[in-house]
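Worksheet: the structure to be examined is printed underneath.
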Amino acid sequence: MMKTIYDRYYRPQQGTEIADAPLLKFKDRLRSSHRYQVFESGNGIYQVQVPESGSKFIVNFQERTCTCTNFYEYSGPCAHAITACRFETEDPYLYFHWAYRLRSYRKTYQNPMKRISIEGLPSDPDVHPPKLGKLRGNQRLRESEKVL
C-alpha cells in the first residue's frame, strides 16, 4: 500500500488540469461532441441537438445541468455541455468538480503512509479475518426471512 500511494503521487499525468482517469473519459465525450449542433438560448442555456437521432438536450451552465443527466452523473461536462463550451469558446475543464483536478489528485496522495509492523502483535484465537465473497440473491429478502 505504501508503494501504491508513492507511485500515484509521483506518476506523471497526461494533462495539467485534470487527473488521467476523468481526462480519458472526457476525451471520449469530446470526440462524440464534434457532430452535435448548438442553438443558443441566452443566460448560459443552450439546446444541443444530435443530428443522427434528432434528440435535443438542454444544457444550463449556471446550474451545471443537462437534460441527459450525465453532467451531474460525471461531475463534469457531458458531450452536450462540451459542445456548448466549444460553441462559446469556453474552457470545459472549468466545469469539472474540484475533486477531479490534478491538484486534488496530488493532494490525496501527498502524505506518505507510515510504516506499520505487524510483527510481535499478540494473537487472539477469537479474532478471524472477515469472510469475503459475493452473496447470491437479494440481501434484503434474505434478512427478512431471518425475522420470520
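Counting other Cβ atoms within 10 Å as a rough exposure proxy, the listed residues VAL38, VAL127 run VAL127, VAL38 from fewest neighbours to most.
Among GLU40, GLU90, the order by Cβ neighbours within 10 angstrom, fewest to most, reads GLU40, GLU90.
Here the translational diffusion coefficient of the stretch 86-134 follows from Stokes-Einstein with Rh set to the Kirkwood radius across Cα pairs; for 4 °C and 1.567 mPa s it amounts to 79 µm²/s.
Cβ-to-Cβ counts within 10 Å put MET1, MET113 in ascending order as MET1, MET113, the fewest first.
The ratio of the alpha-carbon radius of gyration of the stretch 20-64 to the globular-protein estimate 2.2 N^0.38 Å is 1.30.
Given Cβ point charges of +1 (Lys, Arg) and -1 (Asp, Glu) and nothing else, what value in debye, to the nearest 20, does the dipole of the chain about its Cα centre take? Walk me through the numbers on the way to the answer.
Details: 23 positive and 16 negative charges, 92 e Å.
About 440 debye.
How large, in Å, is the stretch 2-108 by the Kirkwood hydrodynamic radius built from its alpha-carbon pairs? Intermediate results must be reported in sequence, preceding the final value.
Numbers: mean 1/r = 0.0684 Å⁻¹.
After inverting the pairwise mean of 1/r, the radius is 14.6 Å.
Would you please state which residues of the stretch 1-22 a label at ILE116 would reach in this model, taking the label point 7 Å out along Cα→Cβ and a backbone N cut-off of under 15 Å? Zone members listed by number: 1-5. For the peptides 118-124, 31-37, 46-52, the ranking by packing is 46-52, 31-37, 118-124, with the highest mean count of neighbouring Cβ atoms within 10 Å listed first. Sorting the segments 78-87, 56-65 by their residues' average number of neighbouring beta-carbon atoms within 10 angstrom, most packed first, yields 78-87, 56-65.
The numbers here are math on the coordinates, done by the rules we state, and not lab data. Remember, predicted model here, so these are calculated numbers, not experimental data. Quick reminder, even Gly has a Cβ in these numbers, built from the backbone with ideal geometry, and neighbours come from all protein chains shown.
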